[in-house]
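Taken together, the values in this text are just the output of simple stated rules run on the coordinates, not laboratory data. Since this is a predicted model, take the numbers as computed values, not measurements. Reconstructed Cβ throughout: ideal geometry from the backbone, glycine too, with neighbour counts over all protein chains shown.
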Amino acid sequence: MVDLSVKGSRIRLMIQPGDIVLLYHSDRMKYLLAIPDKGKFSTHRGEIEYEQVIGKDYGDSIRTQLNCEFHLLKPTLADLEMKVRRTTTIVYPKDVGMMLLQTLVFPGARVIETGSGSGALTIVLANFVRPDGKVYSYERRPEFSANARANAVRYGLDQFCEFFVSDPEHEGFKQEDIDAVFLDVPEPWTLIGRAHEALKGGRALVALIPTAEQLRKTVSALELQGFTRIRTKEMLERDILVRPSGTRPADRMVAHTVYVVFAHKVRIMTDCE
């Protein structure tokens, strides 16, 4: 619950117990916290009493008893995604951004993802389909599905999700007339036919493919199963260091994570048409 307090004509959103806060000192020292009623959070730069945080505004600063300053920031979707409790690898923000732009994920959309993994993609999709849409998340392993659900609950997005412990290759999807399908499984080519059945006409499918061998099989299946506009992209991310001594690219970068395949459903013509 977030209380509203008014100072003059300005409405302030005060941080309350249960709110998610990014406690930020630097890129190497940042913590995503759900603020409890009481207690303290310990860092190697000192401790922060949660009572110091409650009642503050996002953007305020606090100090530890060692006089180390931390800023109270409103987490972005990328922060939430990267800080989920992981049981599997996750989809990186650099890939998710392109996936959202190349599909129809909007408030009110109904989308399918399989598998749920750690729920990182689930919470991003849920944020974009709310308040009237739904993410239908399929996962074969119950422990993965339970963790994905817990992450959605942690971020207050579970009401926009439905989780299924199921193997859609054999059982199919329970939904139809879907706006987008996201496949993040080891053998996505086995689900192309099921995705075609679930999608609305002209809508997009996205498959996340780690290796070139998997990519070849997936694209072949898309070509055979009634998809067109098949494209494969790879997104690379590199930070730029801006310093008084000079500006240059960082030595390290987030390079290959997955190939991302996009395709659109078309109606399969019969011989008599």
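Does residue 267 fit the bill of being surrounded by 13 or more Cβ atoms within 10 Å (Cβ to Cβ), within 20 Å of residue 112 (Cβ to Cβ) and of a type in the set (Lys, Arg)? Taking the combined requirement at face value, the residue does not satisfy it. Flag: residue 70 matches the condition of being within 29 Å of residue 24 (Cα to Cα) and aromatic (Phe, Trp, Tyr). Answer with yes or no whether residue 103 is surrounded by fewer than 20 Cβ atoms within 10 Å (Cβ to Cβ), assigned to a loop (DSSP other than H, G, I, E, B) and either touching a residue at least 60 places away in the same chain (Cβ under 8 Å) or in contact with a helix residue (DSSP H, G or I) (Cβ under 9 Å, 6 or more places away or on another chain) (or both). No: the conditions fail for residue 103.
Is it true that residue 196 is in contact with a Gly (Cβ under 9 Å, 6 or more places away or on another chain) and either part of a helix (DSSP H, G or I) or closer than 20 Å to residue 141 by Cβ (or both)? Against the criterion (in contact with a Gly (Cβ under 9 Å, 6 or more places away or on another chain) and either part of a helix (DSSP H, G or I) or closer than 20 Å to residue 141 by Cβ (or both)), residue 196 qualifies. Would you call residue 61 buried (at least 17 other Cβ atoms within 10 Å of the Cβ) and among the hydroxyl-bearing types (Ser, Thr, Tyr)? In short, no.
Note on region 137-181: among residues that are in a strand (DSSP E or B) and touching a residue at least 40 places away in the same chain (Cβ under 8 Å), the one that is surrounded by the most Cβ atoms within 10 Å (Cβ to Cβ) is 181.
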